[in-house]
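The values are calculated or read from the model by the stated rules, or taken from the named source; none is laboratory data. Source: prediction; values computed, not measured. Cβ placement follows ideal geometry from the backbone for every residue including glycine, while neighbour counts extend to all protein chains displayed.
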Amino acid sequence: MLIHRMHLDEHYAVLDINSGAVHLVDHMIYDLLSVYDGNNVEETMVAFINKYDEQDLREAFVELKELQEQGLLFSQPFPVPDTFSQEPILKSLCLHVAHDCNLRCGYCFAGTGDFGGHRALMSKEIAEQAIEFAIAGSKNRHNLELDLFGGEPLMNIPVVKHIINYVRKREKEVNKNIKLTLTTNGTLLSDEIIKFFNDNRVMLVLSLDGKPETHNNMRPFPNKVGSYDAAVSGFKKVIESRQEKNYYLRGTYTHYNLNFADDTLSMLDVGKKVSMEPVIGTDEPYALTEEDLPKIMDEYDKLARIYLAKRAKGEAFDFFHFNVALDNGPCVAKRLAGCGAGHEYFAVTPEGDLYPCHQFVGREQYKMGTLDTGIERQDLVQHFRQMHVMNKPMCKECWARFFCSGGCHANADMANGDISKPYEYGCKIQKKRLECAIMLQALLTEDVNEGGEDLRPEIDNFTFQA
Amino acid sequence: MKKRIKTVNKQMLNKTLKTGGCGECPVSCQSACKTSCTVGNQICEKN
């Protein structure tokens, strides 16, 4: 597959997969590209001669051929970059500072915090050892990321503070830029910890599912009382304190709220930077079903229309999954490496055990080593490293391969017991929201190209902005 | 001047085969997803 066509209402676009070029086209070109494969002009003419004027068709092919000659349409596949034959360098470590949580979310992949094991908090010693493991693993690379995750990391505030202080000291000593991110349910945010995070450049992922009833239904305290009020009280304070920057409100939608566009818009009452993800599951009552898909697709179209309308009016609405950089996106090597789980990215448990990522924690066959032993399963490292889109049969033929990088390995393993086969349900949703994203950013970019105001979102790679 | 096609970007991914791979960019799942790999939502750190 060399091109992919997409449309939203009266807008039509085509993506040239291997170059990454995006073209807004009229309906006739969109039609022609359902048959034209870059070579078969006469066959395509025959297919459309009764629908379009012959002269118009000839002119259309002149335009298409010109793009082909420029390498911007039907461009050919390229080889795997050399970086994949080199030894991987660690770029990120997820520290499970608390395998415990003060909420009992219905869909929690962490088993409401304990990841299928016992509830535990990371010690200062393990935390320091983990940080040193990450610093050593990142070798000469300047940027390094550490993510504080749980359960609920704020169940272990003393160690969270210790980690942050330790990191800020060590990054100067080793001359690195260490990016810190913390994911929280918000219920334990105090004025003091908010100030501490702001002073220490900690990016925040704030878990909020939308409207109060949606959030409370899936994210209750152990006594079954919903956590919306407690969470939002903390979120509003933290967002205000950092001038609407350096955070994302991150939600999960389920079978119970297929009208998740409304929930996404409800999040704008709390903050303007939002992300909303499908729940992962197969047989659970909240899991998304095949029958849900048409409604889910409609919701993304609805969100896309609202996004465009709000941008046109200058209203703030940053939807993470619509942020696609058409001109300055990642290189091929990054697009293949994807999340880096298992070769550039690892997760460490409170006990010091290492896994390919936070979602694999508790799946014992994927335990890769410990902080004491280092990575022992080099076979797994190579397996993950080579499991990129050019080596996965299904991904290799998919138009979205250089945007999704083959999807989530943990979800693939969950659905198929095999990371070489993507989680197809997730792929369907991923492709839909990518179509929306590409179309939206193409329309906004075209406005700029024609001299209009630049209404595109700022994509900051989740880097702390002072 | 094309009448029917507006090329909005002229990205040439294959040109990054030799220039890319520095690895200074973030791990994609680390930002706002946590459940899906969305490398498309990033920019190159060199830009």
Does residue A:209 fit the bill of being farther than 17 Å from residue A:95 by Cβ, within 14 Å of another protein chain (Cβ to nearest Cβ) and of a type in the set (D, E, K, R)? yes
Do we have any residue at all in the range A:269-278 that's touching a strand residue (DSSP E or B) at 6+ places or on another chain (Cβ under 8 Å), modelled with pLDDT of 90 or more and more than 14 Å from chain B (Cβ to nearest Cβ)? yes
If residue A:340 satisfies all but one of (1) closer than 23 Å to residue A:111 by Cβ; (2) crowded, with 24+ Cβ neighbours inside 10 Å, what's the number of the condition it fails? (1)
Consider only pairs whose beta carbons are under 8 Å apart and that are at least six residues apart or on different chains; among these, list those whose first residue lies in the range A:13-38 and is within 7 Å of chain B (Cβ to nearest Cβ) and whose second residue is small (Gly, Ala, Ser) and in a loop (DSSP other than H, G, I, E, B). A:18/A:75; A:19/A:71; A:19/A:75; A:20/A:329; A:21/A:75
Would you check which residues across the range A:245-261 are more than 14 Å from chain B (Cβ to nearest Cβ) and in a loop (DSSP other than H, G, I, E, B) and list them? A:258, A:259
Residue in the range A:325-353 that is nearest to the other protein chains (Cβ to nearest Cβ), counting only those that are out of contact with any helix residue (DSSP H, G or I) (no Cβ under 8 Å at 6 or more places or on another chain) and without any contact (Cβ under 8 Å) to a residue 60 or more places away in the chain: A:328
Odd one out for residue A:113, checked against (1) more than 9 Å from chain B (Cβ to nearest Cβ); (2) surrounded by fewer than 16 Cβ atoms within 10 Å (Cβ to Cβ); (3) not in a strand (DSSP E or B); (4) not hydrophobic (A, V, I, L, M, F, W, C): (2)
Under the condition of being in a loop (DSSP other than H, G, I, E, B) and among the small types (Gly, Ala, Ser), which residue from the range A:394-410 is nearest to residue A:423 (Cα to Cα)? A:407
Test: residue in the range A:184-193 that is over 15 Å from residue A:105 (Cα atoms) and charged (D, E, K, R): yes
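Kindly provide the set of residues from the range A:308-324 that are within 14 Å of chain B (Cβ to nearest Cβ) and touching a helix residue (DSSP H, G or I) at 6+ places or on another chain (Cβ under 7 Å), ordered by number.
Within the range A:308-324, A:319, A:320, A:321, A:322, A:323, A:324 meet the criteria.
Conditions tested, residue by residue: (1) within 28 Å of residue A:266 (Cβ to Cβ); (2) in contact (Cβ under 8 Å) with a residue 60 or more places away in the chain; (3) over 21 Å from the mean Cα position of the chain (by Cα); (4) away from every other protein chain (no Cβ under 14 Å).
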position: A:149; (1), (2), (3), (4): yes, yes, no, no
position: A:154; (1), (2), (3), (4): yes, no, yes, yes
position: A:158; (1), (2), (3), (4): no, no, yes, yes
position: A:164; (1), (2), (3), (4): no, no, yes, yes
position: A:170; (1), (2), (3), (4): no, no, yes, yes
position: A:173; (1), (2), (3), (4): no, no, yes, yes
position: A:181; (1), (2), (3), (4): yes, yes, no, no
position: A:191; (1), (2), (3), (4): yes, no, yes, yes
position: A:196; (1), (2), (3), (4): no, no, yes, yes
Go through the range A:94-110 and report how many residues are within 14 Å of chain B (Cβ to nearest Cβ) and in a strand (DSSP E or B). 3
